[in-house]
Amino acid sequence: MLGFFLLPWGLLLLGLFPLYREVRLGCPGCVQAEVYPGLLLLLEAVLLAGAGSLFTRLPLGPRTRNLLVLGLGLLALDRGYESALLLSGTPLPPLAPLAGILGVGAFVLAFLQATGPEAPLLPPLPGYTLPSGLMGKEALWALEGSLEGLARRRPLYLLYLATEAPPEALAGLLRRGDLAFDLGQGEYLVLLQRARPEEAMGLLKRLQAQLPLRAHAMERWQKGRLKGLLQKLQAEILLRTSQ
């Protein structure tokens, strides 16, 4: 962990090597130094390196965290290298932005890890939690983008319920990590973030045994928009309750 904590600072020092070379060896072919933009880029590089060190303490999966630290370190290297060239008056070589490009690539890989194998469970939103322990409809739309991102990387299960049972009864039957939303008029949406098909069916059977369900509908969600899937479930519930 100490090595990754120091990695962004090491990359920053590597990027500042042109300044060391000018002080040690001189730079006969250099042009007039650009001090002001060089100092701004140097400040940006220091902030990026500091952020990279702080990111080693993020409560994320190890690969996601390490890729984020590496990406910030490479951006610090890129900014530090350009600042050193400006401060020393050295012409900018064609491959100067390469470290920045690699840093952005590390962020893309971190995103794929954070939404795939190392995706954390989304917690309930505190500001949207009702006294019953469930969340309101507003929380569902606040989480829409995050849920659609998760659904593109791993299947989720949506369970739509129509019941006269109080919301507190439903909240007491949920598993850890399940998200439940009170949609009003006795309708609820339960989202299973991490479940196998048999686990989803097991939860449905437990709810059927302990709650007076008027109707229910379940859908495996992988890709697609949340609004379209919710409309499909609502139409299915309406069809079943009207029979």
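The values are calculated or read from the model by the stated rules, or taken from the named source; none is laboratory data. Just so it is clear, the model here is predicted, and its values are computed rather than measured. Here Cβ is always computed from backbone atoms with ideal geometry, including for glycine, and neighbour counts include all displayed protein chains. For accessibility, only protein heavy atoms count, side chains too; no ligands or nucleic acids. Shrake-Rupley method; radii C 1.70, N 1.55, O 1.52, S 1.80 Å.
Return yes when residue 157 is among the aromatic types (Phe, Trp, Tyr), open to solvent by less than 40 Å² (accessible area, probe 1.4 Å) and either in contact with a strand residue (DSSP E or B) (Cβ under 8 Å, 6 or more places away or on another chain) or modelled with pLDDT under 90 (or both) and no when it is not. Step through it out loud before you land on a result.
Details: among the aromatic types (Phe, Trp, Tyr): yes; open to solvent by less than 40 Å² (accessible area, probe 1.4 Å): yes; either in contact with a strand residue (DSSP E or B) (Cβ under 8 Å, 6 or more places away or on another chain) or modelled with pLDDT under 90 (or both): yes.
For residue 157, the condition - among the aromatic types (Phe, Trp, Tyr), open to solvent by less than 40 Å² (accessible area, probe 1.4 Å) and either in contact with a strand residue (DSSP E or B) (Cβ under 8 Å, 6 or more places away or on another chain) or modelled with pLDDT under 90 (or both) - is met.
On the given criteria, is residue 88 among the polar types (S, T, N, Q) and in the same structural domain as residue 40 (by the TED database)? Step through it out loud before you land on a result.
Working: among the polar types (S, T, N, Q): yes; in the same structural domain as residue 40 (by the TED database): yes.
Judged against the criteria, residue 88 is a match.
Here is a yes/no grid of residues against (1) closer than 23 Å to residue 118 by Cβ; (2) part of a loop (DSSP other than H, G, I, E, B); (3) under 27 Å from the mean Cα position of the chain (by Cα):
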position	(1), (2), (3)
141	no, no, yes
145	yes, no, yes
170	no, no, no
182	no, no, yes
190	no, no, yes
215	no, no, no
218	no, no, yes
227	no, no, yes
241	no, no, no
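When you look at residue 220, is it of a type outside the set (A, V, I, L, M) and without any contact (Cβ under 8 Å) to a residue 24 or more places away in the chain, yes or no?
no
Which one is surrounded by the fewest Cβ atoms within 10 Å (Cβ to Cβ) among residues in region 174-189 that are without any contact (Cβ under 8 Å) to a residue 40 or more places away in the chain and more than 16 Å from residue 202 (Cβ to Cβ)?
Here the residue is 185.
For region 98-123, which positions are modelled with pLDDT under 90 and over 18 Å from residue 60 (Cβ atoms)?
98, 99, 100
Name the residues in region 33-50 that are hydrophobic (A, V, I, L, M, F, W, C) and open to solvent by 30 Å² or more (accessible area, probe 1.4 Å), would you?
Correct list: 33, 35, 39, 40, 42, 43, 46, 47, 48.
Run residue 117 past the list (1) in contact with a helix residue (DSSP H, G or I) (Cβ under 8 Å, 6 or more places away or on another chain); (2) buried (at least 16 other Cβ atoms within 10 Å of the Cβ); (3) more than 25 Å from residue 239 (Cβ to Cβ) and report the number of the one that doesn't hold.
Single failed check for residue 117: (2).
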